Amino acid sequence: MSSAAPAEIQAAAEDQDSIVAILRARWVAIRSGDVGSLPVIIGIIAIALYFNSKTSIFFSAVNFQNLIQQMAGVTVIAIGVVFVLLIGEIDLSIGYVSGIAGVSVAYFQQAGTGHQYPGLVALALAIATGLVIGLIQGSVIAFIGVPSFVVTLAGLLVSQGLILQVLGTQGVIGIQDKQINDIANYVLTKNTGWIVAIILTVALAGAAFGSYFSRLRAGLPTGNVILTIVRVAFFGGLAFAAVYICNQAKPRPGVPLVGLIFVFLVVLGGYVASRTTFGRHVYAVGGNAEAARRAGINVKLIRIIVFMISGAMAAMGGVILASRLNGIDLTAGGGTILLDSISAAVIGGVSLFGGRGRVSGALFGGLIIGMIANGIDLVGYSDAIKLITTGLILLAAVTLDTVLRRRQAAAGR
Amino acid sequence: MEVLRSEHLRRGKNRSVNATPTPTPTLELREVAKNFGSVEALKGVDFEVRDGEVMALVGDNGAGKSTLIKCVAGIYSIDDGQIFFEGEPVTIHGPKDAARLGIEVVYQDLALCDNLDVVQNMYLGRETHDPLFRLREAPMEQRTAETLKSLSVTTIRSVRQAVATLSGGQRQSVAVARAVLWNNKIVFLDEPTAALGVAQTRQVLDLVKRLAEQGLAVVLVSHNLVDVFEVADRITVLRLGRNVGVYEKDKTNEREIVEAITFGAPAPEETEVKA
């Protein structure tokens, strides 16, 4: 028995890596409720096909460029939301925190006021503001135990008040600083775009094969090598396709800088969440905070850091939104920013119950929200339709999450 | 009949005095007391467990089993008495002290994260990482697989499976294996079979035996005397925060233990009269 066991395990491991076995395992996982990003991808394709049938502009290069710029703010804010949802909390202040960051960045570049700083310094100050707000909110939640819903609701009101207070008399601050305006509006040259695509693909291949060979060395199941190559080729191909399309855009060809920024932040956030001890502890706190505490994880510290990430991402998103409008007014941070950002994370497959989801969900969800807004504007439907559609898709996403959660729990017993 | 009964009791009582001639107990509690306000949960309890044995800890509700576990785990600090670890007096002021001594408690609610996989749970809070805090998955996965294999836990198909997808017995196995992975010397199992079906109970009881075979000191807290008699070498009975006695499994029976649990040991004079 014991002498036969290693050979059996070896055979099982090899068997496990064949394409058929992987597809079968994937199908079993889907049936037991672990659908991954499947619904999101289906959603993206369906929405794209719908709008394409309504207007020919939707699939044009210039609109693709536009879409990247439109979705950037919400996508970046949603990255922070993913972290907050992963620990099973909620942050309602992100909308107006993004507004505060927009006001800060505008305030700190204002000419002739005595507090005019270079654009990047103003950006750093705005993000620091977000970090501090996150630190305060996170500390109240972690140390005193006030529910995050209430703390961040208070944060929402206070932030809105601060925006009105600062902007009160003038009501608007224009942004003249070139560095800040470039964040959302600069377009990379064609060749820079290609270089970026090459770097992304090489980095992707490096990560995939690095993990493949480290597992091979350790004698662990490696997954199918062909599937790994296909995956790298697919995502690399997406990067090249995106650059190609943007380079075809008519008046100003090239990839918008802001697209590069949010892809970078999504990759960075995904890396932190899935490859570092901190990320592992974030998932643990969201899955079972008591288990995490007993395992020696500093649950309070994790909560505080997560709210700081949320604040910083909201701030970065706010700066992007302000940069896009070349200024800030009394509506900063208002409107649908809060709900769009939370919806983006949830539509991207991040569970509201904590512990499940990926940072890349922010990108997928941001893309869906962005496509709906963009497409509805193009087709000429009213804002009412836009709100109703977004609301229904959000409801569908949360319903799906709840059903899948129940299904997974049932599959366990 | 009367004689038989008293003999049982006397033998049980004698056994608590004459300890088996093995080396010093791995963990020994002497005259340990714990009060919650005016409630005396433990009133001078003695307890010991040795390497390679399964010591069952039984008693009715309110006997002080949970309090005793929590004192050893560092969740409560003791009010009186002494704790010896491998013959040396020690103080346990927090869970970290207990962990440092190599005492692991597997609680009834398991303390696993459902959303994480087996490897991630085994290494929870003690992940292997490089200086930049990047996780080193390969060695973690290797050692998890080795540990499960050494305990003959073969029902878990993949160590990369989320714990949510495991059965109750498999989850219990993961929680126990975590104690082994970290080279603990003493493992406390709090009602490990309480919520399990027949086959899964068997799985866990086999695992308990294997832990002792690997040289660990195992303390099994259970209400189920069938389970206790199946795996335990010795049985400590508590009643209302006091010792009733320590019984050797081979020289006692379920009836005697049930009597000890419900009525406690007879008063000394009573025993003498009957003897």
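Under 13 Å Cα-Cα from A:K300, which aspartates and glutamates qualify once same-chain neighbours fewer than 8 residues away are excluded?
A:E89, A:E290
Taking the Cα centroid of the stretch A:167-183 and of the stretch A:322-360, what is the distance between the two, rounded to the nearest whole Å?
22
Using 7 Å Cα-to-Cβ label points, what is the A:L387/B:I75 separation (nm, one decimal)?
Modelled inter-label distance: 5.0 nm.
If the reach is capped at under 30 angstrom between alpha carbons, list the lysines near B:K65, excluding any in the same chain fewer than eight residues apart.
B:K13, B:K34, B:K43, B:K96, B:K185, B:K209, B:K249, B:K251
Taking amide H atoms as placed 1.01 Å from N in the peptide plane, list the residues 5 or more away in sequence, or in a different chain, whose amide H sits under 5 Å from that of A:L92.
A:T152, A:L153
Leaving out ligands and nucleic acids, note down the accessible area per residue over the stretch B:112-183 with a 1.4 angstrom probe, in whole Å². Working shown, then result.
Numbers: 2780 Å² over 72 residues.
Ligands and nucleic acids excluded, the figure is 39 Å² per residue.
Using the alpha-carbon atoms, what tilt in degrees (0 to 90, nearest 10) does helix A:299-325 show relative to the longest principal axis of chain A?
50
Per residue, what volume in Å³ does the convex hull of the Cα atoms of the protein assembly as shown enclose?
Numbers: hull volume 131.8 nm³, N = 688.
Cα convex hull per residue, to the nearest whole number: 192 Å³.
Is there a simple number for the mean count of other chain Cβ atoms within 10 Å of the Cβ of residues in A:283-290, and what is it?
On the way: counts 5, 9, 1, 3, 11, 11, 1, 4.
Rounded to a whole number, the mean comes out at 6.
Pop out a list of residues from the stretch B:165-179 that are at least 30 Å² less accessible with all the protein chains around than in their chain alone; 1.4 Å probe, no ligands or nucleic acids counted.
When all protein chains are present, B:T165 each give up 30 Å² or more of accessible surface.
Find the sum over both chains of the accessible area lost when A and B are paired, probe 1.4 Å, and report it in Å² to the nearest 100.
Working: alone 20650 and 13580 Å², together 31970 Å².
Summed over both sides, the interface buries about 2300 Å².
If you find the alpha carbon centre of the stretch B:39-102 and of the stretch B:145-180, how far apart are they in angstrom?
Each part reduced to its Cα centre gives a spacing of 27 Å.
To the nearest 0.05, how large is the calculated FRET efficiency for A:L227 and B:T24 if R₀ is 51 Å and r is the Cβ-Cβ distance? Don't skip to the answer; put the middle values down first.
Values: r = 56 Å, r/R0 = 1.11.
That pair, A:L227 with B:T24, gives E of 0.35.
Between A:A207 and A:R405, what is the FRET efficiency for a Förster distance of 35 Å, r being their Cβ-Cβ separation, to the nearest 0.05?
Details: r = 30 Å, r/R0 = 0.84.
Result of the calculation: an efficiency of 0.75.
Taking a spot 7 Å from the Cα of B:D97 along the direction of its beta carbon, which residues of the stretch B:158-200 have an amide N less than 19 Å from it?
B:185-188
How far apart, in nanometres, would the label points at B:T262 and A:A46 be if each is projected 7 angstrom from Cα along the Cα-to-Cβ direction?
6.3
Given the rule -39500 (n - 2.57) for each run of at least 4 DSSP H residues, summed and divided by the residues of the protein assembly as shown, what is its mean residue ellipticity at 222 nm, to the nearest 500 deg cm²/dmol?
Values: 27 runs with 412 residues, N = 688.
The helix-only estimate for the protein assembly as shown comes to -19500 deg cm²/dmol at 222 nm.
Can you tell which of A:Y271, A:Y107, A:Y96 shows the greatest fluctuation in a Gaussian network model of chain A with Cα springs below 10 Å?
Among A:Y271, A:Y107, A:Y96, the largest mean-square fluctuation in the Gaussian network model of chain A belongs to A:Y271.
Given a Förster distance of 56 angstrom, what is the FRET efficiency for A:F240 paired with A:F143, based on the Cβ-Cβ distance and rounded to 0.05?
Details: r = 49 Å, r/R0 = 0.87.
My answer for the efficiency is 0.70.
Can you tell me which lysines have their Cα less than 23 Å from the Cα of A:K386? Leave out same-chain residues fewer than eight positions away.
In chain and number order, the partners are A:K54.
Relative contact order for chain A using alpha-carbon pairs under 8 Å, separation at least 6, rounded to a whole percent? List each step's numbers first, then the result.
Numbers: 649 pairs, mean separation 139.9, N = 413.
That works out to 34 percent.
Over chain B, what number does the Rg to Rh ratio reach, with both radii from the alpha-carbon atoms and Rh per Kirkwood?
Working: Rg = 19.8 Å, Rh = 19.7 Å.
Dividing the radius of gyration by the Kirkwood radius yields 1.00.
With the crude spin-label approximation of a point 7 Å out along Cα→Cβ, what separation in nm comes out for A:N191 versus B:W182?
Each label point lies 7 Å from its Cα, and together they span 5.7 nm.
Filter the chymotrypsin sites (Phe, Trp or Tyr not before Pro) in the stretch B:76-184 to those in DSSP coil with at most 15 other Cβ atoms within 10 Å of their Cβ, and list the result.
On the way: sites: B:Y76, B:F84, B:F85, B:Y107, B:Y123, B:F133, B:W182; in loops: B:Y76, B:Y107, B:Y123, B:F133, B:W182.
When the chymotrypsin sites (Phe, Trp or Tyr not before Pro) of the stretch B:76-184 are filtered for loop state and at most 15 Cβ neighbours within 10 Å, B:F133, B:W182 remain.
Using only the alpha-carbon atoms, what does the stretch B:112-183 span along each of its principal axes? Please give whole angstrom values in decreasing order.
That gives 36, 25, 18 Å along the principal axes, largest extent first.
For the stretch B:112-183, what relative contact order do you get, as a whole percent, if you take Cα pairs closer than 8 Å and at least 6 residues apart? Present the calculation step by step, with values, prior to reporting the outcome.
Details: 69 pairs, mean separation 32.2, N = 72.
Taking the mean separation of contacting Cα pairs over the length of the stretch B:112-183, I get 45 percent.
The values are calculated or read from the model by the stated rules, or taken from the named source; none is laboratory data. Remember, predicted model here, so these are calculated numbers, not experimental data. In this analysis, Cβ positions are derived from the backbone assuming ideal geometry, glycine residues included, and neighbour counts consider all displayed protein chains. Surface areas here come from the heavy atoms of the whole protein model, side chains and all, with no ligands, DNA or RNA. Shrake-Rupley method; radii C 1.70, N 1.55, O 1.52, S 1.80 Å.
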